[in-house]
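This report concerns only the one structure given below.
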Amino acid sequence: MEHIRFPDTIDHTLKSRMGAEAYKNALEQQKSISEEDYAKIKGLAEFSVRPPFRTPVHKLPSEHGMNQWKDIFFPSADGVPLEGWYIPAVTGESDKLIIINHPFPFSRSGLVGHFGEPFSNVDDLEVDFIAHMGHLSRAGYNIIAYDLRNHGNSGTANNNICGIGRYEWRDCVGVKQYVDNHPKYSKMKVALYSRCTGGNAQIEAIYRRPELFENVVCFFGPMTIEMRPCMQTFANLMDVGQYYDLMTYEQVKLGGYTSDEMTPIPFSSSVKMPYFVSQVKDDSWTDNPTSGQRLFDTIASEDKELFWIEGTTRRFDAYNYFGIHPERMVGFFDKYMK
């Protein structure tokens, strides 16, 4: 019996995902790389496509004065169960709602690097997102904060692969459908607060389901990210930057997206509502200011702002920034929501 060779073989798939030249380079690099350097490359590939741990929801809204809140749950667009909170404004439930998500590998409450390993392997500080919510709640905003798939208390999906937005856009669709179908929340003005992976996901969700987000008043999107400069920087810091193509090969073998695929740029022309993004100008994890400016320039909004956070090279300092300095954050929402 003659065997039929289908076009979607492993060899063909890798070439189409990576590009033929990068695939060829990866195979050559595989022959010459040392065992020690290959272990570094495999570790980087694993980190880029799969959360290294589940960050617990380590704080409750009451720790920042929001004593009236409730647990909520709803499905993503593809059915993954998502967990979150509904927090009415402490000044009295209003007609203004902000939907908040988070970065990889955080939860809705932040990051617990101060707990030690494995969390401190990413960064050893605490990131407190409840502090941000407290400022917004005291300013008169109701809040829905939720965990993305494979994070916090939400469901596992896609073999626990994180797409830095490429799967998670379905969660942004799910929460908006939940709001639109709710007898009370659907009557509120809606704004978005989406960070890093959550911001990438939100941009793709707007691209894929524009009609769903037509009534969104504004979009606060700190720290959106392109993964290629991020992963190239990590590889350079570990002295394996010359093996970038091999790292991409390992990402695909793990079932993940390539770094070139994990970017919001193909979708950012769909963002037309008022938009705010902040970036760490000297971020040691990326090639900023180049990448941050490139992302900002592709956003289609006529009313948009890029705010550079200076005085640090530590990316995660930016995630605490608006909890400590809330003026720009609150001012942005007040400008468009009140």
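Quick notes
- If you filter region 6-31 down to residues that are assigned to a helix (DSSP H, G or I) and open to solvent by 100 Å² or more (accessible area, probe 1.4 Å), you find that the one that is modelled with the lowest pLDDT is I10.
- For region 75-97, the tally of residues that are surrounded by 14 or more Cβ atoms within 10 Å (Cβ to Cβ) and over 19 Å from the mean Cα position of the chain (by Cα) stands at 9.
- Here S278 does not fit the description of being without any contact (Cβ under 8 Å) to a residue 60 or more places away in the chain and out of contact with any Gly (no Cβ under 9 Å at 6 or more places or on another chain).
- Restricting region 179-203 to residues that are surrounded by fewer than 24 Cβ atoms within 10 Å (Cβ to Cβ) and farther than 25 Å from K338 by Cβ leaves a set whose member that is nearest to the chain's Cα centre (by Cα) is C196.
- Matching residues, region 270-312, being among the acidic types (D, E) and open to solvent by less than 30 Å² (accessible area, probe 1.4 Å): D283
- Sub-6 Å Cβ pairs linking a first residue in region 110-138 that is within 24 Å of M66 (Cβ to Cβ) to a second residue that is open to solvent by 20 Å² or more (accessible area, probe 1.4 Å) and among the hydroxyl-bearing types (S, T, Y), at least 6 apart or interchain, are G113/S120, ordered by first then second residue.
- Cβ-Cβ under 7 Å pairs, at least 6 apart or on other chains, region 35-48 side open to solvent by less than 30 Å² (accessible area, probe 1.4 Å), far side among the acidic types (D, E) and assigned to a helix (DSSP H, G or I): I41/E250; A45/E250
- Residue among Y244, Y249 that alone is closer than 30 Å to E28 by Cα, aromatic (F, W, Y) and without any contact (Cβ under 8 Å) to a residue 60 or more places away in the chain: Y244
- V216 being open to solvent by less than 20 Å² (accessible area, probe 1.4 Å), of a type in the set (A, V, I, L, M, F, W, C) and closer than 22 Å to D297 by Cβ: yes
The values are calculated or read from the model by the stated rules, or taken from the named source; none is laboratory data. Values in this document were obtained by computation on a predicted structure and should not be read as measured data. Note that each Cβ is placed from the backbone with ideal geometry, even for glycine, and that neighbours are counted across all protein chains shown. The accessibility values were calculated without ligands, DNA or RNA, using every heavy atom of the protein model including side chains. Shrake-Rupley method; radii C 1.70, N 1.55, O 1.52, S 1.80 Å.
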